[in-house]
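Following: one structure in structure tokens, then a few remarks.
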Amino acid sequence: MVSRRMLMAGLLLTLGACATAVTVQNAPADAGTAQTFPASYDRVSAATLEALRQFNVNVTSTQEHAGGLQILVTKSLSAFSWGEVGRITVVRTSAPPTPVRVVWEKRAQFQITGTGETEFSRELFDGIRRNLAALASRF
């Protein structure tokens, strides 16, 4: 009987530590990892969306609001991860530079595999830089 109670308590604690799309969507506006890019808001938004298309993530929502573009993404369960969830915000500015902010969490906080915020942000920011360079070469 005691072991069953311990199992239930452990299960409840585990479920309480799970990240969801709502968790990252409701994170403070200044949460996460940020980097600025020397381009207009429109170009950085386009470069960010294109970078996300090149990754193994699912864009679940894009929402334009007064503060900028908010993009919610998920990364599916795999053999090495319980999955991840994230929010990318391209902050609206009237002139460059344009900040991009990433909040990224593993679905299960106890998992040691999967992509962390530092790694995901670095890859996303590199993709944005490559896409901005490609956009600049067209003009």
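Nothing in this text is a laboratory measurement; each read-out follows from the coordinates by a stated rule. Note that this is a predicted model, so its numbers are computed, not measured. Here the Cβ is made from the backbone with ideal geometry for all residues, glycine too, and neighbour counts use every protein chain on show.
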Query raised in the report: Label points 7 Å out from Cα along the Cβ direction at Glu123 and Ala66: separation in nm?
Result: 3.6
Query raised in the report: How much length, in nm to one decimal, is gained on full extension between Asp42 and Thr93, taken as 0.36 nm per residue of separation minus their Cα-Cα distance?
Result: 17.4 nm
Query raised in the report: Taking the Cα-to-Cβ direction at Gln54 and at Arg138 and moving 7 Å from each Cα, how far apart do the two end points lie in nm?
Result: 1.3
